[in-house]
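Undergrad: Take a look at the following structure, please.
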């Protein structure tokens, strides 16, 4: 499965998120903050088709404790995305010819990564102008990056930072 491509938005993404959220809620702490983020969380926004879920914890200790459970549930830690205040996991579902990629990001609740992701998602949901502008940037990022994740993320980064921090 090629990861850095642009796919059209599918209406089934919110339902997939709710299914995965229910699975996570079975073993994560009660009253945990679980949010659907990324391109699959914004109706009409295309992207890589990866379901991104952000889970907000109050402490790093709590994140580390539940990391062990994630590994037992067959989520894999994503190399390069484990650092103070953030641990990211991936999981695949599907058959040989079809795979659903899910990323779950443990972050500290109400810290910059949490706030930026929520703000950016909400702004994209509210503004068709912003949604169209970001769609264009994502398509350009795919062409520019030629499959390299760091280039893909860097290409979009300034726009995301600008839009997620201003009102």
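Undergrad: Looking at the structure I just gave you, is residue 77 touching a helix residue (DSSP H, G or I) at 6+ places or on another chain (Cβ under 7 Å), touching a residue at least 12 places away in the same chain (Cβ under 8 Å) and either surrounded by fewer than 18 Cβ atoms within 10 Å (Cβ to Cβ) or part of a strand (DSSP E or B) (or both)? Step through it out loud before you land on a result.
TA: On the way: touching a helix residue (DSSP H, G or I) at 6+ places or on another chain (Cβ under 7 Å): no; touching a residue at least 12 places away in the same chain (Cβ under 8 Å): yes; either surrounded by fewer than 18 Cβ atoms within 10 Å (Cβ to Cβ) or part of a strand (DSSP E or B) (or both): yes.
In short, no.
Undergrad: Sticking with this structure for a sec: Does segment 34-42 contain any residue that is more than 18 Å from residue 94 (Cα to Cα), in a loop (DSSP other than H, G, I, E, B) and at pLDDT below 90?
TA: Among the residues of segment 34-42, not one is more than 18 Å from residue 94 (Cα to Cα), in a loop (DSSP other than H, G, I, E, B) and at pLDDT below 90, which makes the answer no.
Undergrad: Please count how many residues of segment 141-165 are over 25 Å from residue 78 (Cα atoms) and in contact with a helix residue (DSSP H, G or I) (Cβ under 9 Å, 6 or more places away or on another chain). If you could, list the steps in order and put the result at the bottom.
TA: Just the residues of segment 141-165 that are over 25 Å from residue 78 (Cα atoms), to begin with: 162-163, 165.
Then drop every residue that is not in contact with a helix residue (DSSP H, G or I) (Cβ under 9 Å, 6 or more places away or on another chain), which leaves 163, 165.
Number satisfying all stated conditions: 2.
Undergrad: So, one more: On the given criteria, is residue 62 farther than 30 Å from residue 141 by Cβ and at pLDDT 95 or above? Full working, then the answer.
TA: Details: farther than 30 Å from residue 141 by Cβ: yes; at pLDDT 95 or above: no.
Judged against the criteria, residue 62 is not a match.
Undergrad: Looking at this structure, is residue 45 under 19 Å from residue 141 (Cβ atoms) and either buried (at least 16 other Cβ atoms within 10 Å of the Cβ) or modelled with pLDDT under 90 (or both)?
TA: The answer is yes for residue 45.
Undergrad: Somewhere in segment 122-131, is a residue modelled with pLDDT under 95, more than 20 Å from residue 5 (Cα to Cα) and not in a helix (DSSP H, G or I)?
TA: no
Undergrad: Sticking with this one: Among the residues of segment 89-112, is any part of a helix (DSSP H, G or I) and under 25 Å from residue 33 (Cα atoms)? Outline the logic, then answer.
TA: As a first pass, look at segment 89-112 and keep what is part of a helix (DSSP H, G or I): 112.
Next, only the ones that are under 25 Å from residue 33 (Cα atoms) stay: 112.
Yes: segment 89-112 contains one or more residues that are part of a helix (DSSP H, G or I) and under 25 Å from residue 33 (Cα atoms).
Undergrad: Residue 38 - would you say it is at positive phi and surrounded by 17 or more Cβ atoms within 10 Å (Cβ to Cβ)?
TA: Yes.
Undergrad: Please find, within segment 96-116, the residue that is modelled with the lowest pLDDT out of those that are surrounded by fewer than 16 Cβ atoms within 10 Å (Cβ to Cβ) and closer than 16 Å to residue 16 by Cβ.
TA: My answer is 98.
Undergrad: Taking the stated definitions as given, is residue 22 exposed (fewer than 12 other Cβ atoms within 10 Å of the Cβ) and either out of contact with any helix residue (DSSP H, G or I) (no Cβ under 7 Å at 6 or more places or on another chain) or at pLDDT 95 or above (or both)?
TA: Working: exposed (fewer than 12 other Cβ atoms within 10 Å of the Cβ): yes; either out of contact with any helix residue (DSSP H, G or I) (no Cβ under 7 Å at 6 or more places or on another chain) or at pLDDT 95 or above (or both): yes.
It is true that residue 22 is exposed (fewer than 12 other Cβ atoms within 10 Å of the Cβ) and either out of contact with any helix residue (DSSP H, G or I) (no Cβ under 7 Å at 6 or more places or on another chain) or at pLDDT 95 or above (or both).
The values are calculated or read from the model by the stated rules, or taken from the named source; none is laboratory data. Nothing here was measured: the structure is a model prediction, and the numbers come from that model. Here the Cβ is made from the backbone with ideal geometry for all residues, glycine too, and neighbour counts use every protein chain on show.
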